[in-house]
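Take a look at the structure below.
The values are calculated or read from the model by the stated rules, or taken from the named source; none is laboratory data. Because the structure is a prediction, the values reported are computed rather than measured. Neighbour counts run over all protein chains shown; Cβ positions are idealised from the backbone, glycine included. Side chains are part of the model used for accessible areas, which takes the heavy atoms of the whole protein and leaves out ligands, DNA and RNA. Shrake-Rupley method; radii C 1.70, N 1.55, O 1.52, S 1.80 Å.
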Amino acid sequence: MGHRLPKKVYEKELRRLQAQLVDMQAWVQSTGARIVVLFEGRDAAGKGSTIKRVAEYLNPRVTRIVALPAPTERERTQWYFQRYVPHLPAAGEIVLMDRSWYNRAGVEHVMGYCTNAQYHRFLHQAPIFERMLVEDGVHLLKYWFSVSDVEQEKRFRSRNDDPMRRWKLSPNDVLSITKWEDYSRAKDTMFVHTDIPEAPWFEVDNEDKRRGRINMIAHLLSQIPYTDVEREPIDIPDRPEPRGYERPPRNGTGLVPDYAATLQGQTD
């Protein structure tokens, strides 16, 4: 991929694409469409920051981000896909999955959190499960975010040095450096078994996050057959004349202190 996309070009195009996402959301609400978007990829590949840009201006009652924690003891005894089913969209909803059922084909397999039998059963059942979703009318999109080993390590070190983002770095993330080839083989095998015509994989080169975000959002919009929805204009009425209401006196109890006043006089 080419040089880093200039910031002004990136911000202008991102804004335009985000406006189109709002239009797509209106179509989803109007038609009762159901959309599921899976965000998968290497640790530190930029999945979360892309999801943030996708959802930034969307209605959280319509577009939900799903990022499930580790399964409970009870969930470990369920059919593997069972814990994901309740999070699937109803009519007029969009679900963005920050990692998904593909945990089993990646981290669970590489780190030994599942048995070989469970792993191979997943590779067999995932295409069946996804065909069922698509046959039922769900728009299912699967994105794999790629990043080089050099860039991944650079992002890990950046997170470790930043107290605001250190929470993003887990022991499993760091181990992905030493298990780079294992994860590569797991991804290749996953693609062989689950890159199906009904729900193909789309790979995002996210070495440059700006380019990756723009490319992913533009592709997402191209995959959904949405049309512009005419919205009813909203008239904001004039405020009526006062009718004698007086606000009760306040003694300051419960009032948030004016911390901002202590900052007056400070310069950038």
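Taking segment 89-110 only, how many residues are open to solvent by less than 40 Å² (accessible area, probe 1.4 Å) and either among the hydrophobic types (A, V, I, L, M, F, W, C) or under 23 Å from residue 50 (Cα atoms) (or both)?
Just the residues of segment 89-110 that are open to solvent by less than 40 Å² (accessible area, probe 1.4 Å), to begin with: 89, 92, 94-97, 100-106, 108, 110.
The next check asks that each one be either among the hydrophobic types (A, V, I, L, M, F, W, C) or under 23 Å from residue 50 (Cα atoms) (or both); those that pass are 89, 92, 94-97, 100-106, 110.
Number satisfying all stated conditions: 14.
Can you tell me which condition residue 17 does not meet? The list is (1) open to solvent by less than 50 Å² (accessible area, probe 1.4 Å); (2) outside any helix (DSSP H, G or I); (3) not small (Gly, Ala, Ser), and all the others hold.
(2)
Going by what's in this entry, would residue 29 be described as closer than 22 Å to residue 86 by Cβ, polar (S, T, N, Q) and outside any loop (DSSP other than H, G, I, E, B)?
Against the criterion (closer than 22 Å to residue 86 by Cβ, polar (S, T, N, Q) and outside any loop (DSSP other than H, G, I, E, B)), residue 29 qualifies.
List the residue pairs whose Cβ atoms are under 6 Å apart, where the first residue sits in segment 88-113 and is of a type in the set (D, E, K, R), the second is assigned to a strand (DSSP E or B) and at pLDDT 95 or above, and the two are 6 or more positions apart or on different chains.
98/39
When segment 148-177 is examined, which residues are found to be at pLDDT below 75, closer than 21 Å to residue 203 by Cα and open to solvent by 70 Å² or more (accessible area, probe 1.4 Å)?
Selection gives nothing.
So, restricting to strands (runs of 3 or more DSSP E) that lie completely within segment 35-151, which ones have at least 1 residues that are within 20 Å of residue 189 (Cα to Cα)?
Values: elements: 63-66, 93-98, 139-146.
Where strands (runs of 3 or more DSSP E) fall fully within segment 35-151 and carry at least 1 residues being within 20 Å of residue 189 (Cα to Cα), they are 139-146.
Picking from 154, 187, 168, 209, which residue would you name as being charged (D, E, K, R) and either without any contact (Cβ under 8 Å) to a residue 40 or more places away in the chain or on the phi > 0 side of the Ramachandran plot (or both)?
154
I'm trying to understand the selection: among the residues of segment 226-265, which are hydroxyl-bearing (Ser, Thr, Tyr) and over 30 Å from residue 17 (Cβ atoms)? It would help to see each step written out before you state the result.
Of segment 226-265, the ones hydroxyl-bearing (Ser, Thr, Tyr) are 226-227, 245, 253, 259, 262.
Answer for segment 226-265, where residues must be hydroxyl-bearing (Ser, Thr, Tyr) and over 30 Å from residue 17 (Cβ atoms): 245, 253, 259, 262.
Pairs please, first residue from segment 31-49 and closer than 22 Å to residue 89 by Cα, second anywhere and part of a loop (DSSP other than H, G, I, E, B) and not charged (D, E, K, R), Cβ atoms under 6 Å, 6+ apart in sequence or on different chains.
Pairs that qualify, where the first residue is closer than 22 Å to residue 89 by Cα and the partner is part of a loop (DSSP other than H, G, I, E, B) and not charged (D, E, K, R), are 32/91; 32/92; 34/89; 34/138; 36/138; 38/100.
Across segment 223-254, what is the number of residues that are open to solvent by less than 100 Å² (accessible area, probe 1.4 Å) and at negative phi? Walk me through how you get there before you give the answer.
In the first step, residues of segment 223-254 are kept if they are open to solvent by less than 100 Å² (accessible area, probe 1.4 Å); the result is 223-227, 229, 244, 248, 252, 254.
Restricting the remaining residues to those that are at negative phi gives 223-227, 229, 248.
Summing the residues that are open to solvent by less than 100 Å² (accessible area, probe 1.4 Å) and at negative phi in segment 223-254 gives 7.
Given the condition exposed (fewer than 14 other Cβ atoms within 10 Å of the Cβ) and more than 30 Å from residue 208 (Cβ to Cβ), answer yes or no: does some residue in segment 48-64 qualify?
Taking every residue of segment 48-64 in turn, at least one turns out to be exposed (fewer than 14 other Cβ atoms within 10 Å of the Cβ) and more than 30 Å from residue 208 (Cβ to Cβ).
Restricting attention to helices (runs of 4 or more DSSP H) lying wholly within segment 158-224, give those where 2 or more residues are aromatic (Phe, Trp, Tyr).
Details: elements: 171-178, 180-194, 209-223.
Filter on segment 158-224 gives 180-194.
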